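First comes the structure, then the notes that go with it.
The values are calculated or read from the model by the stated rules, or taken from the named source; none is laboratory data. Keep in mind it's a predicted model, so treat the numbers as computed, not measured. Note: ideal-geometry Cβ built from the backbone for every residue, glycine included; neighbour counts use all protein chains shown. Side chains included, ligands, DNA and RNA excluded: accessible areas come from the protein's heavy atoms. Shrake-Rupley method; radii C 1.70, N 1.55, O 1.52, S 1.80 Å.
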Amino acid sequence: MATLVELPDSVLLEIFSYLPVRDRIRISRVCHRWKRLVDDRWLWRHVDLTLYTMRPKVMWHLLRRYMASRLHSLRMGGYLFSGSQAPQLSPALLRALGQKCPNLKRLCLHVADLSMVPITSLPSTLRTLELHSCEISMAWLHKQQDPTVLPLLECIVLDRVPAFRDEHLQGLTCPALRSLVLGGTYRVTETGLDAGLQELSYLQRLEVLGCTLSADSTLLAISRHLRDVRKIRLTVRGLSAPGLAVLEGMPALESLCLQGPLITPEMPSPTEILSSCLTMPKLRVLELQGLGWEGQEAEKILCKGLPHCMVIVRACPKESMDWWM
């Protein structure tokens, strides 16, 4: 059996990549070889700092010493609920990320107070921006926003962002945006969603999960404005057979996911879902999560009726730990 000393560098790097940031830095003191490996740019492509309440001084040190041009994905917290003495994300730090990390493509912020942070502070290289349980200001997104802000942004995830509302949705004018995920954004109304999607007709992926919007109203707005959408995922709250039928004939739809567990008496039957899916010429994936249909007759009906599709019937999966994927 090989010892750690005998393992090749590539294997050690893979092992070190599973260590928290603090432990990575500590093991660099073991020997010269491990110090060299900890300095390897491959090890610092994806960094997760949500495990720590980190002082700004330490964050600046990590930025200068280890991350810089190596960084591709960063996950960090803002400690919104940790009290007034907890360190908060600052505009200066976010601007420094953009200046010192030119290859940063994905930024995930958790429990952060961004109400005093202008959106212009975010790195312009971002392709994916995720906000989880964050606070934002009304000035973050508006219709008169400079189109050069986040010019490369392709995907934005808004998960439990209580301040996000209709005005923000209608201000999403990032020219490269193709994917939008709304999770628990309870201030977005049916009228606001319809108006917002009218301005986002180029979206290719839309997820609406755990919101106060009914599935029928969401699908109606999609059918009106997102004729080229390829992937839809939504919670089935308020879904009916006529509501699902508005998607019939969608020319580009490749993947449809209906997610429970809120099932109402109006929920379409497996036969009604099959009937609608057969009218979608490019549909290749049908996923039903958390509906309790696993191993039931419903699964057999859908699999048999859609031989050209991958039909997935399962419980809601646990959140992946590989957050950068």
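Here is how the number arises for the chain: DSSP H runs of 4 or more residues each give -39500 (n - 2.57), the sum is divided by the residue count, and the result at 222 nm is -7000 deg cm²/dmol. The HN-Hα couplings worked out from phi for the range 194-210 by the Karplus form 6.51 cos²θ - 1.76 cosθ + 1.60 (θ = phi - 60°) are 4, 5, x, 5, 4, 7, 10, 5, 8, 4, 10, 9, 9, 10, 10, 10, x Hz, whole numbers, x standing for Gly and Pro.
Which percent of the accessible heavy-atom area of the chain goes to carbon and sulfur, probe 1.4 angstrom? Summing carbon and sulfur atoms, their accessible area is 55 percent of the total for the chain. Here the peptides 186-196, 8-18 are ranked by packing, the mean other Cβ count within 10 Å, and the order with the highest first is 186-196, 8-18. Computed from backbone phi, the HN-Hα couplings of the range 19-25 come to 7, x, 4, 4, 6, 4, 5 Hz, rounded to whole numbers (Karplus: 6.51 cos²θ - 1.76 cosθ + 1.60, θ = phi - 60°; Gly and Pro given as x). What the Cβ-Cβ distance of Met116 and Ala195 gives, at R0 = 35 Å and to the nearest 0.05, is a FRET efficiency of 0.80. Can you compute the FRET efficiency between Met138 and Asn103 using 1/(1 + (r/R0)^6), with r the Cβ-Cβ distance and R0 = 41 Å? Round to the nearest 0.05. For R0 = 41 Å, the calculated efficiency reads 0.80. Number of Lys-Lys pairs in the chain with C-alpha atoms under 30 Å apart and a separation of 8 or more places or on different chains: 19. Solvent-accessible area per residue in the range 89-229 equals 38 Å², computed with a 1.4 angstrom probe and all protein chains kept.
For the range 228-298 and the range 123-183, what is the separation of their C-alpha centers, rounded to whole Å? Here the answer is 27 Å between Cα centres.
Per-residue 3J(HN,Hα) values for the range 291-297, derived from phi via the Karplus relation 6.51 cos²θ - 1.76 cosθ + 1.60 with θ = phi - 60°, read 9, x, 9, 4, x, 9, 4 Hz in sequence order (x marks Gly and Pro).
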